[in-house]
Every structure is written in structure tokens, then in C-alpha cells.
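See below for the structure under consideration.
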Amino acid sequence: MARKRSSFHPVRLTPRRAFSLLLLIITLLGGGFLLRGKVVSVADGDTLTVFTDSGLKRIRLYGVDCPESAQAGGPEAAALTRSLTLLQEVQLEVLDTDGYGRSVALVRLPDGRLLNEELVRQGRAWVYTAYCSRPVCLSWKALEHAARAKQKGLWSRRNPKPPWVWRAQRR
């Protein structure tokens, strides 16, 4: 009796597929949902618009707060975000929706870095502790401390004002 040949063909696990599989597992275990899209505009350091398969999405970066556009350090934060993301395909891990209807997300750059983290590392954002409760926030606080010690970005200014304080004073 002849054996029936199996039609099963194993899928080769490339590094890209392994990374995608890992992100899927993380998402299923309690992370947000994942989207891909191209950044089409940057409003300021922590707000951008991404064109996805489901249309335009306004994105607010999770866990960080950049100086406002009219605030000292704001234009530099926006310029960094623009240089890292504009017209680039990014991956979004959407965690929430804010009071303005924006998707709150972790934004992964094409090279794998997190935009949220990179802004803190380069001294262009504060860790927004009032809205940063994930374990990654602890490592971001260490990056913020290191940027302060090296006087990088906004930390090169004398007594930089946190954006939430600046906004409250403008009301």
C-alpha cells in the first residue's frame, strides 16, 4: 500500500517572521492591537498622523510628553519626531484612546527602535508618569535621568518647564 504524501510544508522562521510572531504573542497576552502605516504628518513631538489600511489615525505617543510647539524645546522635539518618522512606515501598538479621540500608542520605527523611548533618550521628552504605568516606564525614567545628567536636549536649558505645568499656566 502506497503512503499518501503530506501537503504540509513547514514555514521557514526568518528573523522578521520571528519578530512579528513575538509581537503577536505580546499583543494577545494583554498588549494593544498592532497596526502598520505611513506617517503623513507630525503635529508636534508627541502627536502624529499615520495612514493605515483603515484610514488616517491621529496618534498620541504613550508615556511621554514633549514640550508644546510654542514652548522652549517644542520645535526641536517636533523636528526630531519628523526626522525619524515622516513618510516612514511605522508599527503602532495602540494601547488606548485619549479624550481627544487620538489613539495612544507605542510607535516602532523602521529600524526597530521605539519613538517614545528615543525622544526620552535624546532629551526631547519627559516620561509622563501620570500616564505611564507599564514596566517599560521604569527604563524610560533611567533614560531620562541619563539625559539630564548629560544635559541633552531640553536638559541643556536651565529649569525646563514640564509641558503639563506649561499648559496649566496657559489656561
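Table for the structure above
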item	result
Qualifying residue in segment 108-122 (condition: under 21 Å from VAL50 (Cα atoms), at pLDDT 95 or above and part of a strand (DSSP E or B))	yes
Looking only at segment 123-145, and only at residues there that are of a type in the set (D, E, K, R) and in a loop (DSSP other than H, G, I, E, B), the one that is most open to solvent (accessible area, probe 1.4 Å)	ARG134
Tabulated pairs, segment 41-63, first in contact (Cβ under 8 Å) with a residue 12 or more places away in the chain and among the β-branched types (Val, Ile, Thr), second part of a strand (DSSP E or B) and open to solvent by 50 Å² or more (accessible area, probe 1.4 Å), C-beta under 6 angstrom, 6+ apart or interchain	VAL50/LYS57
Subset of segment 96-116 [under 10 Å from ARG60 (Cβ atoms) and charged (D, E, K, R)]	ASP96, ASP98, ARG102
Leading residue by the ranking (modelled with the highest pLDDT) among those in segment 151-171 that are part of a loop (DSSP other than H, G, I, E, B) and exposed (fewer than 14 other Cβ atoms within 10 Å of the Cβ)	GLN151
Residues located in segment 43-71, provided they are of a type in the set (A, V, I, L, M), surrounded by fewer than 21 Cβ atoms within 10 Å (Cβ to Cβ) and not in a loop (DSSP other than H, G, I, E, B)	ALA43, LEU56
Every residue from segment 72-89 that is closer than 12 Å to ASP44 by Cβ, in a loop (DSSP other than H, G, I, E, B) and open to solvent by 10 Å² or more (accessible area, probe 1.4 Å)	none
ARG148 being basic (Lys, Arg) and not in a helix (DSSP H, G or I)	no
Inter-residue pairs, beta-carbon under 9 Å, first in contact (Cβ under 8 Å) with a residue 60 or more places away in the chain and under 9 Å from VAL120 (Cα atoms) and in segment 140-152, second open to solvent by 60 Å² or more (accessible area, probe 1.4 Å) and assigned to a helix (DSSP H, G or I), 6+ apart	TRP140/ARG121
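The values are calculated or read from the model by the stated rules, or taken from the named source; none is laboratory data. Keep in mind the model is a prediction, meaning the values are calculated, not measured. All Cβ positions, even for glycine, are placed from backbone atoms using ideal geometry, and neighbour counts span all protein chains on display. Areas reflect the complete protein model, heavy atoms only, side chains present, ligands, DNA and RNA absent. Shrake-Rupley method; radii C 1.70, N 1.55, O 1.52, S 1.80 Å.
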